[in-house]
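Taken together, the values in this text are just the output of simple stated rules run on the coordinates, not laboratory data. All values reported here derive from a predicted model rather than from experimental measurement. As a convention, Cβ positions derive from the backbone with ideal geometry for all residues, glycine included, and neighbour counts pool all protein chains shown.
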Amino acid sequence: MGRPYNFSAGPATMPEAVLQQAAAEMLDWHGSGMSVMEMSHRGAAFGEILERAEHDLRTLLAIPPHFRVLFSQGGALAHNAIVPLNLVGRRPARVMDFVVTGAWSQKSAQEAGRYGQTHVAASTADCGFTTLPDPASWRLSADASYVHLCSNETIHGVEFHTLPDLAALGSDAPLVIDFSSHVLSRPVDWTRVGLAFGGAQKNVGPAGLTLVVVREDLLGHALPICPSVFDYRTLAQAHSMANTPPTYAIYIAGLVFQWALAQREGELSGVAALQARNIVKAQRLYDAIDRSSLYVNEVDPACRSRMNVPFFLRGDDGQPLRDPAHPRNVAFLRGAQERGLLQLKGHKSVGGMRASLYNAMPMAGVEALVDYLRDFERQA
Ligand code: PMP
C-alpha cells in the first residue's frame, strides 16, 4: 500500500512528486552544495528560485502585468489586518464592505474593524452559512475603500464559483478576495479582482508563505501605522525581499507550481486541467453523500465547495450527529484511519466530518473514500 490519503483542510496533502523532489534536493540544490534553506536570500541561486516561482504562478493564474505578486508572511489572518492597513486609507470615509459567508469572512470583518469602519453588505449567518447571498441583494456602500469576500469558506464549505462584478452592482470599489483554500484549483477572473490573498498551506505549499496578488494602482495607500515590511508597495518595490522571505516555503511552492503546470486532462493543462479534475472529484463525493441515507451535506448545491466537503452522519432518528464524541462518529473516524483515510474530522465549530479535496488529492483517494462511505453505511 502507498501513502495514506490525507483529507486535512490545511496544512494539507502535497503532490508526492514534489515531496520526493524536495527530498532528493535536500542536501544539495542543483550542485550548489547547499540546501535551499541554507542559501542567502540575496544570492543568485535563490534569486533564480524566486523568479521562476513568480513566473510560473503568473502563467498558471494568467496574472496580468498590471498586478504585482508578493510572497509575504503572516498567514491569511495577519493579512486580515494588513489588507485594511494597506487599503482602507484609499478613501477619506475609511469604510470597508464585507460579505459574510462563513467563519473566515466573519473573522476578516472583525479584524478590519480595528482599522476603520466595517459595513456588512450581506450575510448568511442567519441560515448557518449554508448558502451564498445573491449579489443583487448586497447593500454596498457608496464610498467603500474596498469590498471583501472569502471566495471559498474552508470551514462551512461554500464557494463562489463566479466572482461578482462589482461595477455592474453599482460599486466602484476594488474587490478583495481571500482565496486561501481554492487558489490554483480554478482560474481567477482578474477583471473582477483588485487584490487576492491566501495562505499557502492548502494548494500551494508549506505554512509560512502568504501569497498576495495586487493591482498596481492599489499600492501606496498604507496607513502610517502599517508595519513597513507589510506595506504592499514596499514589498512590491523590494520584489518580496523587504525582509528575509520564507525561502524554503517559496522553493516548495515553486515545485508545486511546476507540478501544476505539468498536469494534463485531455486537451487541458495547468489550472484548467486541475479544475476539470476537481469538478469530477467533488461531484463524485457529493453524489455519494446525496444518494445515501446515512450521510448529509447541508450546503445549497449551487454553492457547494469543490475543495472542502463538510458532511454529517445521521443518527437513528435521521438527525445529523454534530457531536464528534458520538460513538457512530468515533467509529467512522477509527474505521477511516484503519483504511488509510486520514484527518476527516470536521472543524470543531461545525462538528461532523470534512473531506478536503485539494489539487494534490488524486481521484483514487476520492474513490477510496466513497468506497468507505458505502461499506460503513452497510454495517451501520
Ligand atoms: N482564510 C481561509 C479561507 C482559511 O481557510 C484559513 C485557514 N484555514 C485562514 C483564512 C487562516 O489562515 P492562517 O491560519 O494561515 O492565518
Contact order relative to length of the chain, as percent, for alpha carbon pairs under 8 angstrom and 6 or more apart:
22 percent
Reduced to Cα centres, the span from segment 281-336 to segment 116-146 in Å works out to 28 Å
Would you order Lys348, Lys107, Lys281, Lys202 from fewest to most other beta-carbon atoms within 10 Å of each residue's own beta-carbon?
Lys348, Lys107, Lys281, Lys202
Whole-number value, in Å³ per residue, for the convex hull of the alpha carbons of segment 25-261 is 112 Å³
Using helices alone, what [θ] at 222 nm do you get for the chain, with -39,500 (n - 2.57) per DSSP H run of 4 or more residues, divided over all residues and rounded to the nearest 500?
-10500 deg cm²/dmol
Axial C-alpha extent at least 20 Å, average Kyte-Doolittle at least -1.0 - helices from the chain (DSSP):
44-61, 247-261, 270-291, 363-379
For Ser269, the residues 5 or more places away or on another chain with a placed amide H closer than 5 Å to its own amide H are none
Environment charge at Ala253 (Cβ cut-off 14 Å; Lys +1, Arg +1, Asp -1, Glu -1)
0
Packing-based exposure ordering (other Cβ within 10 Å, fewest first) of Met353, Met96, Met361
Met361, Met353, Met96
Are there trypsin sites (Lys or Arg not before Pro) in segment 1-98 that DSSP puts in a loop and that have at most 14 other Cβ atoms within 10 Å, and which ones?
Arg42
FRET efficiency for Ala364 and Leu261, Cβ-Cβ distance as r, R0 = 25 Å, nearest 0.05?
0.70
Can you list residues whose amide H is under 5 Å from Val309's amide H, if they're 5+ apart or on another chain and H is modeled 1.01 Å from N?
Ala355, Ser356, Leu357
Counting only DSSP beta bridges with both residues in the chain, what percent are antiparallel, rounded to the nearest 5?
55 percent
